[in-house]
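Just below is one structure, and these are the notes that go with it.
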Amino acid sequence: MGLLEGRMEDSFLVTNLEHAINWARESSLWPMTFGLACCAIEMMATGAPRYDIDRFGAGAFRATPRQADLMIVAGTVNLKMAERVRRLYNQMPDPKFVIAMGACTCGGGPYYKYGYNVAKGVDLVVPVDVYVPGCPPRPEALLEGLMRIQDKIHKMRDLTKGQPEELPIPARTGSVGLPPELQDPEKAVEFLKENKERAKPVKA
Amino acid sequence: MTPAEIANLLEEQFGPAVTGKKTDALDPFVTVEPARLVEVCTFLRDDPRLKFALLNDITGVDYLETDSKKVAKAGFEPHLEVLYHISSFAFPGRRFTVKLVLPRWKDNVAGQLPEVPSVSGVWRTADWHEREVYDLVGVFFTGHPNLVRILLNDDWVGHPLRKDYEFPLEYHGIRCR
């Protein structure tokens, strides 16, 4: 607020109610504290100061599903756990969102073929909003997934009658521009050629 | 006492109950008649020359070649093995293995688990290890105090580490394959 403080006339803002509600919702997502496997470590890193999920207003990890509206399924979901995951999902108040974090929750991952006890993707158990692949995904990837959830909330029209569901358009992205040597397509080809040359094994 | 000496001692003590031995392997072992397992294990634990007070692990192995083209080359008949890895506190560094060879199914009736006397009365550690072997490989330990599944759900069907195990299509409404 420091930037704006004392700079405004005595005034009011006009917005539509839906937008205001969506804005409030997307800026304070409360994820549920629950990690199933190694992805949970990365989720913790995302919550820690270096990556700081609090910047997106989603830092209040709740220890109960009844106070949470975002479920980050971080880690392998085995069949014994899947029932519990479903139960936790059912206990969350609406509106609720699910991020499937990691290869295992996206589709079974390394356990796809021989994992007799692993659910082949958490989307077989609960409806998933955003998939974050990776094994485990970097914290940046999880933050990107969170931003996609926010985009989704941004486009929610649950007050208006008879509105068709719109596909969310990414409002913010976490993508970074290409490095200067790759920005120009011609230069990029040259750069790749050079790279190939460099990668060739040295003849003895 | 070298593994060979231990094996000889066991042969001397139990005669025909010891059906085989290999003492130059990385894990030297004797093969024992399942019916006399508890006797042998009690001897291994209590004899002052042996003092194997610790059961490190119990392993169940399913020997079955499921590929019909490779059966001839496999070099073994289908069977199960249960191995007891034991070591000694009184003689540090001394390790030994007791091996049981079992049929895959009792009386060759599919679904009838082969039976082994439980050694949970000899080593308390065996309790959970035997439950795990029962759970995943499907060996029934007679005389076990509480032989229920330890890792999988109680209502699970089959024993997943058997080579001919087939995944369930669905489990509690969740598609499995």
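Please treat every number below as a calculation from the coordinates, not as lab data. This one's a predicted model, so the numbers in the text were calculated from it and none came from an experiment. Positions of Cβ are generated from backbone atoms using ideal geometry, with glycine treated the same way; all protein chains shown enter the neighbour counts.
Relative to one another, the C-alpha centroids of region A:77-153 and region B:95-149 are positioned 37 Å apart. Between B:Pro48, B:Tyr171, B:Val139, whose Cα lies farthest towards the positive end of the dipole of region B:42-177 when Lys and Arg beta carbons carry +1 and Asp and Glu beta carbons carry -1, centred on the Cα centre? My answer, from the dipole projection, is B:Pro48. Against the main long axis of the alpha-carbon atoms of chain B, helix B:3-14 sits at an angle near 90°. Rounded to the nearest 500, the helix-only mean residue ellipticity at 222 nm of the protein assembly as shown stands at -8500 deg cm²/dmol, with each DSSP H run of n ≥ 4 adding -39,500 (n - 2.57). With a Cα cut-off of under 26 Å and a minimum spacing of 8 residues unless on different chains, the lysine pairs in chain A number 12.
Can you put B:Ser88, A:Ser27, B:Ser120, B:Ser68 in order of Cβ neighbours within 10 angstrom, beginning with the fewest? Mind showing how you got there, number by number?
On the way: B:Ser88 18, A:Ser27 12, B:Ser120 22, B:Ser68 7.
Least crowded to most crowded, the residues run B:Ser68, A:Ser27, B:Ser88, B:Ser120.
Can you classify chain A as rounded, prolate or oblate using the Cα gyration tensor, where a ≥ b ≥ c are the square roots of its eigenvalues, rounded means a/c under 1.5, and otherwise it's prolate if a/b beats b/c and oblate if not? Verdict is oblate for chain A.
Once the Cα atoms are used to define both axes, helix B:126-136 deviates from the longest principal axis of chain B by about 30 degrees. Among the chymotrypsin sites (Phe, Trp or Tyr not before Pro) in region A:1-48, those located in a DSSP loop and surrounded by at most 14 other Cβ atoms within 10 Å of their own Cβ are A:Phe12.
Lysine pairs in region B:3-175 whose alpha-carbon atoms fall under 29 angstrom of each other, counting only those eight or more residues apart or on distinct chains, come to 24. Net charge in the neighbourhood of A:Ala68 (other residues with Cβ under 10 Å of its Cβ; Lys, Arg +1, Asp, Glu -1) is +2. Dipole size of region B:85-177 about its Cα centre, with +1 on Lys/Arg Cβ and -1 on Asp/Glu Cβ: approximately 440 debye, rounded to the nearest 20. When the protein assembly as shown is described by a simple charge dipole with +1 on each Lys and Arg Cβ and -1 on each Asp and Glu Cβ, the residue from B:Gly60, A:Ile21, B:Ile150 located farthest towards its positive end is B:Gly60. Per-residue 3J(HN,Hα) values for region A:93-103, derived from phi via the Karplus relation 6.51 cos²θ - 1.76 cosθ + 1.60 with θ = phi - 60°, read x, 6, x, 10, 10, 10, 10, 8, 9, x, 4 Hz in sequence order (x marks Gly and Pro). A simple rule links phi to the HN-Hα coupling: the Karplus curve 6.51 cos²θ - 1.76 cosθ + 1.60 with θ = phi - 60°, which for region A:67-75 gives 9, 10, 10, 10, 10, 9, 7, 9, x Hz, with x for Gly and Pro. Charge dipole of chain A (Cα centre as origin; +1 on each Lys and Arg Cβ, -1 on each Asp and Glu Cβ, all else neutral): 1020 debye, rounded to the nearest 20.
Can you give the net charge of the other residues whose Cβ lies under 11 Å from the Cβ of B:Pro28, counting K and R as +1 and D and E as -1?
On the way: positive: B:Lys21, B:Lys22, B:Arg94, B:Arg95, B:Lys99; negative: B:Glu5, B:Asp24, B:Asp27.
Net of charged neighbours comes to +2.
Largest mean-square fluctuation among A:Val189, A:Val125, A:Val73, in a Gaussian network model of chain A whose springs join Cα atoms under 10 Å apart, belongs to A:Val189.
Of the beta bridges DSSP finds with both residues in region A:42-173, what % are antiparallel, to the nearest 5?
Values: 1 of 9 bridges.
In region A:42-173, approximately 10 percent of DSSP beta bridges are antiparallel ones.
Does the protein assembly as shown come out rounded, prolate or oblate by the C-alpha gyration tensor, with a ≥ b ≥ c the root eigenvalues, rounded set by a/c under 1.5 and, if not, prolate when a/b is larger than b/c and oblate if not? Each step should come with its number before you reach the end.
Numbers: a/c = 2.70, a/b = 2.13, b/c = 1.27.
The shape class here is prolate.
Along the charge dipole of region B:1-74, Cβ charges K/R +1 and D/E -1, which of B:Ala74, B:Thr23, B:Pro34 sits furthest on the positive end? In region B:1-74, that residue is B:Ala74. Local charge for B:Met1 was computed over the other residues whose Cβ lies under 9 Å away, with Lys and Arg +1 and Asp and Glu -1, and equals +1. Computed about the Cα centre, the dipole magnitude for the protein assembly as shown is approximately 360 debye when only Lys and Arg (+1) and Asp and Glu (-1) carry charge, each at its Cβ. In sequence order, region B:25-42 has phi-based couplings of 7, 4, 10, x, 9, 10, 9, 10, 5, x, 5, 9, 4, 4, 4, 4, 5, 4 Hz under the Karplus curve 6.51 cos²θ - 1.76 cosθ + 1.60, θ = phi - 60°, and Gly or Pro positions carry x.
Only alpha carbons enter this Debye calculation for chain B, each as an equal point scatterer, and the log10 of I(q)/I(0) it gives at q = 0.10, 0.17 Å⁻¹ is -0.43, -1.10.
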